[in-house]
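J.: Below: one structure in structure tokens.
The values are calculated or read from the model by the stated rules, or taken from the named source; none is laboratory data. In this text the structure is predicted, and so the values were computed from the model without any measurement. Virtual Cβ from ideal backbone geometry, glycine too; neighbours counted across all protein chains shown.
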Amino acid sequence: MEHLPAGLDKLTRVYVRLLHVLFALSPSVAIWYLAQYQDPALRYESHAFHEIAIGVAILASLFVTWITWRCYRDAGDPMLRWLTLGFLGFAIVYAPHGLFTGHAHDHPMLFLLYGPASRLILNACLLLAVLQHGRPADNPEKRGSKRFWLGWLAIFLVIDVAVGLLALSPIADRPELRLGLEWIAFFLALAGLLRMRRHGTDLPLLAIYSLSLAMFAQSSLAFIIAGAWNHQWWLAHAISASGFLLLSYGVIRAFQTTRSFSTVYSQEVIMRQLENANEQLTLMATTDSLTGVANRRHFLDRAGEELARCQRSETPLCLVLLDIDHFKLVNDNHGHQAGDAVLRQLARSIDDMLRGSDVFGRLGGEEFAILLPDTGMSEAIAIAERVRRQISEREMRHGDLCLRITISLGIADFPADGERVDALYAEADRRLYAAKEGGRNRVSPAV
């Protein structure tokens with residue numbers, strides 16, 4: 001896949017982030033509009049609609065709680081533990097808000113306080129979930145602990161009772177009580193959002209998580225400036241529901257894929273990973289694992305390509321085969337690890353001496369090959385002689401061991417010695433054998 005220019009890639013990423021910000025803040029436009037242009041006295045008081053909406057919200061929350069718990073049980077992601085508790089706590093504490101709808105006139109605080117209390121519970125758990133992001137998975141024993149889940153269920157029920165008692169207390173009518181709970185819920189969502197931005201949101205589900213936190217924060221703001229049953233109040237419910245739907249979608253996506261919020265990747269990330277994997281596979285398929293130079297197959301493929309190019313352009317080409325003299329003695333006397341060290345250092349040394357257009361590879365064992373495009377025999381002999389001399393002068397080290405080696409080289413010339421790779425290889429191999437027969441540590445043909 002073609003890489004985007006750096007400037008364009010950066011520009012598109014900035015644009016995507018801007019879209020995220022605009023989408024996340026879009027509820028604020030509606031909140032501002034109603035606050036500026038809608039008479040707060042206008043109300044839509046429908047107990048039946050409210051009870052149905054709350055009932056649907058509770059059922060959806062319990063379903064998503066179960067799905068999130070299944071994900072946590074399978075993956076052990078600590079983030080999912082607190083997300084499960086957030087959904088569960090919200091469902092339990094929010095339920096009386098619907099049950100007491102009929103008492104909205106007789107006991108308004110009994111009806112109203114459960115809303116901000118449930119949002120506070122949810123946002124607190126979402127913040128704690130963010131703080132767990134990136135931590136190791138919980139062990140299976142902790143995931144399946146009934147005591148843990150029953151303990152939190154009891155805590156949420158106690159909170160239900162406490163909110164009810166508070167709603168019936170003499171201080172229930174003080175506006176700062178409801179507003180205080182709502183402000184705490186707002187700042188918890190904001191803290192979770194800021195913390196999530198520090199982690200980054202390149203992964204799609206984490207981006208959804210951030211958007212949900214932004215929705216919950218703005219929902220609390222709308223509830224703060226709203227009055228019961230007016231249009232701002234209904235808008236606040238809609239914003240909160242949007243955040244919940246986004247978050248539940250993220251959970252379902254996790255359930256359908258990896259069961260973890262942190263390992264569901266975007267198409268962009270997957271494409272980048274596939275591209276990197278393909279590059280690694282290509283490298284493994286074309287590179288000698290010991291020395292890092294071209295392996296036999298890749299070298300011969302490149303030789304065929306370069307030979308075809310030289311035939312078309314009618315330019316010279318030389319093939320050099322080289323072999324380490326008495327390499328078996330290195331392995332026999334010092335061990336194969338020392339032999340491997342010699343091969344690596346030899347390959348690195350020769351690779352550093354060659355031109356950018358030259359091709360260097362290991363054909364097997366201690367045999368290497370150099371392809372010299374656009375190079376005649378006299379120049380190839382000079383290059384081979386320089387390589388031979390520098391290798392003979394170089395010390396090869398392995399731990400405390402210091403070795404000196406020599407190499408023999410045979411050269412074949414296109415088109416004089418053949419017009420196919422196998423013909424050039426055969427001639428270079430014959431001359432390499434002649435160099436060894438002539439006493440080793442030499443180039444054949446000689447200058």
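A quick yes/no check of all residues on (1) in a loop (DSSP other than H, G, I, E, B); (2) touching a residue at least 40 places away in the same chain (Cβ under 8 Å); (3) surrounded by fewer than 20 Cβ atoms within 10 Å (Cβ to Cβ); (4) of a type in the set (A, V, I, L, M, F, W, C):
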| site | (1), (2), (3), (4) |
| --- | --- |
| ALA41 | yes, yes, yes, yes |
| TRP82 | no, yes, no, yes |
| ILE92 | no, yes, no, yes |
| HIS105 | yes, no, yes, no |
| ASN123 | no, yes, no, no |
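J.: Take the residues in the stretch 411-440 that are in a loop (DSSP other than H, G, I, E, B) and buried (at least 18 other Cβ atoms within 10 Å of the Cβ); name whichever of them is nearest to the chain's Cα centre (by Cα).
T.: Per the stated criteria, the residue is GLY418.
J.: Just checking, how many residues over the stretch 137-160 are of a type in the set (A, V, I, L, M) and either loosely packed, with under 11 Cβ neighbours inside 10 Å or touching a Lys or Arg at 6+ places or on another chain (Cβ under 6 Å) (or both)?
T.: Qualifying residue count for the region: 3.
J.: Still on this model: Among the residues of the stretch 19-39, write down those that are hydroxyl-bearing (Ser, Thr, Tyr) and touching a residue at least 60 places away in the same chain (Cβ under 8 Å).
T.: SER28
J.: Also, quick follow-up: Can you name the residue in the stretch 165-176 that is surrounded by fewer than 18 Cβ atoms within 10 Å (Cβ to Cβ) and part of a helix (DSSP H, G or I) and is also nearest to the chain's Cα centre (by Cα) among such residues?
T.: Among them, the one singled out is GLU176.
J.: Out of curiosity, is ILE224 over 34 Å from the mean Cα position of the chain (by Cα) and either touching a residue at least 40 places away in the same chain (Cβ under 8 Å) or more than 30 Å from ARG43 (Cα to Cα) (or both)?
T.: yes
J.: Taking GLY76 as meeting all but one of (1) on the phi > 0 side of the Ramachandran plot; (2) in contact with a Gly (Cβ under 7 Å, 6 or more places away or on another chain), write down the number of the exception.
T.: (2)
J.: PHE360 fails exactly one of the following numbered conditions: (1) more than 37 Å from the chain's Cα centre (by Cα); (2) at pLDDT 95 or above; (3) within 17 Å of LEU424 (Cβ to Cβ). What is the number of that condition?
T.: Single failed check for PHE360: (1).
J.: Also: What number of residues in the stretch 374-391 are farther than 24 Å from ARG309 by Cβ and among the polar types (S, T, N, Q)?
T.: Summing the residues that are farther than 24 Å from ARG309 by Cβ and among the polar types (S, T, N, Q) in the stretch 374-391 gives 1.
J.: While we're here: Is at least one residue of the stretch 1-21 at pLDDT 90 or above and either outside the structural domain of CYS125 (by TED's automatic domain parsing) or within 30 Å of ASN230 (Cβ to Cβ) (or both)?
T.: Among the residues of the stretch 1-21, not one is at pLDDT 90 or above and either outside the structural domain of CYS125 (by TED's automatic domain parsing) or within 30 Å of ASN230 (Cβ to Cβ) (or both), which makes the answer no.
J.: Pick out the one residue from LEU99, LEU127, LEU88 that is over 18 Å from LEU177 (Cα atoms), within 27 Å of the chain's Cα centre (by Cα) and aliphatic (A, V, I, L, M).
T.: Sole residue among the options that is over 18 Å from LEU177 (Cα atoms), within 27 Å of the chain's Cα centre (by Cα) and aliphatic (A, V, I, L, M): LEU127.
J.: Among the numbered criteria (1) surrounded by fewer than 16 Cβ atoms within 10 Å (Cβ to Cβ); (2) touching a helix residue (DSSP H, G or I) at 6+ places or on another chain (Cβ under 7 Å); (3) not basic (Lys, Arg), which one does SER46 miss?
T.: Only one criterion in (1) surrounded by fewer than 16 Cβ atoms within 10 Å (Cβ to Cβ); (2) touching a helix residue (DSSP H, G or I) at 6+ places or on another chain (Cβ under 7 Å); (3) not basic (Lys, Arg) is unmet by SER46, namely (2).
J.: Would the stretch 122-135 turn up any residue that is within 30 Å of ARG253 (Cβ to Cβ), modelled with pLDDT of 95 or more and β-branched (Val, Ile, Thr)?
T.: Within the stretch 122-135 (the criterion being within 30 Å of ARG253 (Cβ to Cβ), modelled with pLDDT of 95 or more and β-branched (Val, Ile, Thr)), the answer is no, since none of the residues qualifies.
J.: Just wondering, is there one or more residues in the stretch 401-408 that are assigned to a loop (DSSP other than H, G, I, E, B) and more than 22 Å from ALA347 (Cβ to Cβ)?
T.: no
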